[in-house]
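Every read-out reported here was derived from the displayed coordinates using simple, explicitly stated rules and does not represent laboratory data. This one's a predicted model, so the numbers in the text were calculated from it and none came from an experiment. Cβ sites come from the backbone with ideal geometry, for glycine too, and all protein chains shown count toward neighbours.
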Amino acid sequence: MSRILAKSIAVTVLALLASLAISFTFVPMLGGEVSGAGLVMTIVCPIAVALPASTLHYWQSERLRRANGALMAANDKLEEAYRQLHSQSRLDALTGVLNRHAFAQELQAVSEAAASGGLLFIDLDHFKSINDRFGHATGDEALRAIGQLLTGHVRATDIVGRLGGEEFGIFLHSVTAEHMLDRSHRIREAVRSLDFRTPAGAQVALGASIGAFHCPAGFDPSQALAAADGNLYRAKSTGRNTVIA
């Protein structure tokens, strides 16, 4: 409020000076004299008009400034909430990796960018027995641990997603077929070596079968997924805990 009053007083002083300047310039030119009631009116009128008018103007301007600031802050919060919601809608709530739809979108974007790389279709071996023996809560914790493990074994340019149930997908950006196989075996070994335990401390053995397919530039995402899935089926049919490309 003090800022508003200071501005209003400054405007009032300027109005008063302008009124006096006009009166003492033009009244003598017209043959008159600035004195008495005329001088009083010259002083009182600008004060009576300028002070309340300028105070009201600056008060409304301040209210508008604060309202605009609050609106901008609310808009920033809304945009941040939208970004978070959009990000959460792309993630699998349990594992924290991309959900199937978002993974497919990212794979399509890689294809349209004419990039090549290795596509891995990963399935946890005998996962149903974990749910049956230790309960679904333990199974969920195992999936969460696998999601973290897979995320830790890829680069920022790679893509990790949960394709459904105990199935995961990884796209290794710009790797050769040989490098794809090497990474696949390292991931399989990391899953096998994971020290995962139940809340009671019982160790739970985990394993993964991996179907790998090397995607050339401009690959068809649906065909690539089908090929990797076919290799995964062969991996599970030949004893599990292995990689087929």
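Would you mind checking the tilt of helix 177-193 against the longest principal axis of the Cα atoms of the chain, expressed as 0 to 90 degrees and rounded to 10?
The angle comes out at about 90 degrees.
Gaussian network model of the chain, Cα springs within a sub-10 Å range: biggest mean-square fluctuation belongs to which of Glu33, Glu106, Glu167?
Glu33
What is the dipole size for the stretch 164-245, taken about its Cα centre, with +1 at each Lys and Arg Cβ and -1 at each Asp and Glu Cβ, in debye to the nearest 20?
Values: 8 positive and 8 negative charges, 54 e Å.
Magnitude of the dipole: close to 260 debye.
Could you check which residue among Gly211, Gly69, Gly118 shows the biggest mean-square fluctuation in a GNM of the chain with a 10 Å Cα cutoff?
Gly69
What are the equivalent ellipsoid semi-axes of the chain, built from the alpha-carbon gyration tensor (square roots of five times its eigenvalues), in whole angstrom, biggest first?
Details: eigenvalues 1247, 97, 28 Å².
Equivalent ellipsoid of the chain: 79, 22, 12 Å, largest first.
For the stretch 145-230, just list the percent of Cα-Cα distances falling in each 10 Å bin from zero outward, please.
Using 10 Å bins, I get a P(r) of 15, 48, 27, 8, 2 for the stretch 145-230.
Using only the alpha-carbon atoms, how far is helix 36-89 inclined from the longest principal axis of the chain? Give it as 0 to 90 degrees, nearest 10.
So the helix axis and the longest Cα principal axis differ by about 0 degrees.
Who wins for biggest fluctuation among Ser193, Ser116, Ser54 in a Gaussian network model of the chain, springs between alpha carbons below 10 Å?
Result for the chain, Cα springs under 10 Å: Ser54 fluctuates most.
With runs of 4+ DSSP H residues as the only contributors, calculate the mean residue ellipticity of the chain at 222 nm using -39,500 (n - 2.57) per run, divided by the residue total and rounded to the nearest 500.
Details: 7 runs with 154 residues, N = 245.
The helix-only estimate for the chain comes to -22000 deg cm²/dmol at 222 nm.
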